[in-house]
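Only one structure is covered here, and it is reproduced in the block below.
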Amino acid sequence: MIKIRKTKDFIVEIDKFKEISKGIFVSGEIPGAYHGQYMPEQALMIKAKNGISIMTGCAHPGIVKMVRTIKEKFPGERIYSVFGGFHLKEEDKRAIEIVTEKFKEMKVEKAGPTHCSGKEAERIFKDEYGNDFISIKTGQTLDI
């Protein structure tokens, strides 16, 4: 906050679905919990020619719930990519496989689990998505 004050920038808190710039949206708060504590999340979405790309933070409400909630805001639009934290690090193999199955049911074309997703989730998504797996690295640029 100190840097923001020094540069005279400002923060706008958004708790509901909103288009913040042409083709760029925030999901608004999606309710969730982590270790018994209420922990809502938001996602950033970009609507481009290939469809909707969803970028998540840590997906505490559950990545499937988040994608479904966002998909409802874009009826008829395809979900081109979902990447970011899927919060699967503490899940077993079968639970992760169920998430990949749900992604396929929702017709998510490309997937890129990162940080809190865990190595097992990265491996399973890579196996399931093959060339449509997005390996996310620091400083990387993505075409969406």
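A few comments on the model shown:
- Scanning segment 55-75 for residues that are among the hydrophobic types (A, V, I, L, M, F, W, C), at pLDDT below 95 and closer than 14 Å to VAL26 by Cα returns no hits.
- Close pairs from segment 123-144: first in contact (Cβ under 8 Å) with a residue 12 or more places away in the chain and under 15 Å from LYS104 (Cα atoms), partner among the acidic types (Asp, Glu) and outside any loop (DSSP other than H, G, I, E, B), Cβ under 9 Å, at least 6 apart: ILE124/GLU97; GLU128/GLU97; GLU128/GLU101; PHE133/GLU122; PHE133/ASP127
- Selection within segment 40-49 - exposed (fewer than 15 other Cβ atoms within 10 Å of the Cβ) and either in contact with a Ser or Thr (Cβ under 7 Å, 6 or more places away or on another chain) or under 24 Å from THR114 (Cα atoms) (or both): PRO40, ALA48
- Scanning segment 86-144 for residues that are of a type in the set (Lys, Arg) and over 18 Å from GLY62 (Cβ atoms) turns up LYS107, LYS110, LYS119, ARG123, LYS126, LYS137.
- Of all the residues in segment 70-113, those that are surrounded by fewer than 19 Cβ atoms within 10 Å (Cβ to Cβ) and not in a helix (DSSP H, G or I) number 12.
- Condition met for PHE125 (under 30 Å from GLU13 (Cβ atoms), aromatic (Phe, Trp, Tyr) and crowded, with 16+ Cβ neighbours inside 10 Å): no
- When PHE103, PHE83 are checked against the criterion of being among the hydrophobic types (A, V, I, L, M, F, W, C), in contact with a Gly (Cβ under 6 Å, 6 or more places away or on another chain) and in contact (Cβ under 8 Å) with a residue 24 or more places away in the chain, PHE83 stands alone in meeting it.
- Candidate set: segment 10-39, residues that are closer than 20 Å to TYR80 by Cα and touching a helix residue (DSSP H, G or I) at 6+ places or on another chain (Cβ under 7 Å); chosen: the one surrounded by the most Cβ atoms within 10 Å (Cβ to Cβ): SER27
- Complete set of residues in segment 50-69 that are within 17 Å of TYR129 (Cα to Cα) and in a strand (DSSP E or B): SER53, ILE54
The values are calculated or read from the model by the stated rules, or taken from the named source; none is laboratory data. Nothing here was measured: the structure is a model prediction, and the numbers come from that model. Virtual Cβ from ideal backbone geometry, glycine too; neighbours counted across all protein chains shown.
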